[in-house]
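A.B. asks: The structure is given below, and queries will be raised subsequently.
The values are calculated or read from the model by the stated rules, or taken from the named source; none is laboratory data. Everything numeric in this text was worked out from a predicted model, so none of it was measured. Cβ coordinates were reconstructed from backbone atoms using ideal geometry, including for glycine residues, and neighbour counts include every protein chain displayed.
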Amino acid sequence: MGNTVPATIGTRIEDVDTPCLIVDLEAFERNVAKMGRFMQENGLRHRAHAKTHKSSDISLYQIEKGGACGVCCQKVSEAEALVSAGIRDVLISNQVVSLKKIERLAALATRARVLVCVDDLGNVDDLSAAAQQYNVVIECLVEIDVGAGRCGVVPGAAAVLIAKKIDEAANLKFAGLQAYQGKAQHAYDYNERKEMIRSAVNDVEQTVSLLKSSGLNCDIIAGAGTGTFEMEAASGIYNELQCGSYVFMDADYQRVKDKNGEFLSEFENSLFIYTSVMSKTKADKAICDAGLKAQSVDSGLPVIYGRDDVQYVKCSDEHGVISDPGNVLKLNDKLKLVPGHCDPTVNVYDWYVGVRNGRVEALWPVTARGMAF
């Protein structure tokens, strides 16, 4: 195989090969510091979501510099990759139900604190059996559906039944609730988001009350994301927030408005797809080397960072079409694209190229790239 590293330490940004992922280290560090201060000032734990970046380097930075208590993953393989890289507190904020994956989860718990989400009574038996086999304790959050319409049981009595079974099961620990309102994160209107979270908080409060009346306490009441974390924080009931995209931001998050009708601006774009103009045969358009295979466009096309004179308007497998009405672009010009959706975009790259003051300072592998099982 050829060399897939797009740069070396000290390379000028103009000489970095494309397409690749560029991280503005100063903006990234400010984002982590801002979230860390918020959590500390509000007495909350931050379990940073690693599905955003899939990087052990970034996870360790979030823990060491941002005060995160640990990380979230979505898949066992993501957790395995991060634990192997030194992370010691991992929540798989998802269900793990196949026996093979459950065995891997139990094996992982011999190396780190491992938590997992549960929304099925039968799953409790399988988790308990594997935990006994490996002589470990697996901590379980009962997931309730607070409006996202994906995983999770109906809030209230159904959650209590599962929690009781976990509490009684050998080698399992009932640790609390997972209550993530995923749909609210990208609801652009502030009042719509606020109503979604108000409803979620009511569901959580009801469930916690029923759990307490059954003698079960929640050490963790988890959820929240970059679009709503201030709302969950203000609820007085969530105590562990799972924000992830704040480290990078993307074009879709920048369509989300705050209570004043302005776009969210407290976090900065720090992640970019770096691309080159590879063809300029027409006066009003340019073709760049970042097409569909270089990004995810499920949340829309990327935005060209810092430019209002050119626009990314279309893409095919290997090519991006850039509208250039002023004919200002030329062959080999470099552009920074803000991806429409950072999480799946990251998953098509091997490396992050960290840049400061115009030169490459860091090269971070995308540790859990392709870890979807």
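A.B. asks: Select from the range 24-60 the residues that are basic (Lys, Arg) and crowded, with 20+ Cβ neighbours inside 10 Å and write down the one among them that is farthest from residue 356 (Cα to Cα).
C.D. replies: The extreme case among them is 47.
A.B. asks: Does residue 188 satisfy being of a type in the set (Phe, Trp, Tyr), closer than 23 Å to residue 42 by Cβ and outside any helix (DSSP H, G or I)?
C.D. replies: no
A.B. asks: Taking the range 50-105 as the search range and keeping residues that are within 16 Å of residue 138 (Cα to Cα) and among the acidic types (Asp, Glu), which one is farthest from the chain's Cα centre (by Cα)?
C.D. replies: The qualifying residue farthest from the chain's Cα centre (by Cα) is 103.
A.B. asks: Quick check: anything in the range 315-332 buried (at least 18 other Cβ atoms within 10 Å of the Cβ) and hydroxyl-bearing (Ser, Thr, Tyr)?
C.D. replies: no
A.B. asks: In addition: Could you list all residues from the range 67-81 that are out of contact with any strand residue (DSSP E or B) (no Cβ under 6 Å at 6 or more places or on another chain) and within 20 Å of residue 180 (Cβ to Cβ)?
C.D. replies: Within the range 67-81, 75, 76, 78 qualify.
A.B. asks: Identify the single condition in (1) under 16 Å from residue 174 (Cα atoms); (2) more than 17 Å from the chain's Cα centre (by Cα); (3) not polar (S, T, N, Q) that residue 116 does not satisfy, given that it satisfies every other one.
C.D. replies: (2)
A.B. asks: Just to be sure, is residue 77 in contact (Cβ under 8 Å) with a residue 12 or more places away in the chain, within 24 Å of residue 341 (Cα to Cα) and crowded, with 18+ Cβ neighbours inside 10 Å?
C.D. replies: no
A.B. asks: To continue, here is another question. Is it true that residue 238 is part of a helix (DSSP H, G or I), touching a residue at least 12 places away in the same chain (Cβ under 8 Å) and in the same structural domain as residue 143 (by TED's automatic domain parsing)?
C.D. replies: No; evaluated as a whole, the condition is false for this residue.
A.B. asks: I would also like to ask the following. So, in the range 259-283, of the ones that are surrounded by 13 or more Cβ atoms within 10 Å (Cβ to Cβ) and aromatic (Phe, Trp, Tyr), which residue ends up nearest to residue 24 (Cα to Cα)?
C.D. replies: That would be 272.
A.B. asks: Okay, next question. Determine, yes or no, whether residue 267 is touching a residue at least 60 places away in the same chain (Cβ under 8 Å), in contact with a Leu (Cβ under 6 Å, 6 or more places away or on another chain) and of a type in the set (Phe, Trp, Tyr).
C.D. replies: No, not satisfied.
A.B. asks: Among the residues of the range 220-263, count how many are out of contact with any Lys or Arg (no Cβ under 9 Å at 6 or more places or on another chain) and either more than 29 Å from residue 22 (Cβ to Cβ) or hydroxyl-bearing (Ser, Thr, Tyr) (or both).
C.D. replies: Selection size over the range 220-263: 13.
A.B. asks: Next question. Go over the candidates 360, 348 one by one and state the one that is of a type in the set (Val, Ile, Thr) and surrounded by 18 or more Cβ atoms within 10 Å (Cβ to Cβ).
C.D. replies: The match here is 360.
A.B. asks: Continuing with this model, one more query. Which condition breaks for residue 69 when tested against (1) out of contact with any helix residue (DSSP H, G or I) (no Cβ under 7 Å at 6 or more places or on another chain); (2) in the same structural domain as residue 151 (by TED's automatic domain parsing); (3) exposed (fewer than 15 other Cβ atoms within 10 Å of the Cβ)?
C.D. replies: Evaluating residue 69 over (1) out of contact with any helix residue (DSSP H, G or I) (no Cβ under 7 Å at 6 or more places or on another chain); (2) in the same structural domain as residue 151 (by TED's automatic domain parsing); (3) exposed (fewer than 15 other Cβ atoms within 10 Å of the Cβ) leaves (3) as the failure.
A.B. asks: Would you pick out the residues in the range 307-336 that are assigned to a loop (DSSP other than H, G, I, E, B), in contact (Cβ under 8 Å) with a residue 24 or more places away in the chain and under 30 Å from the mean Cα position of the chain (by Cα)?
C.D. replies: Within the range 307-336, 307, 310, 316, 317, 318, 319 meet the criteria.
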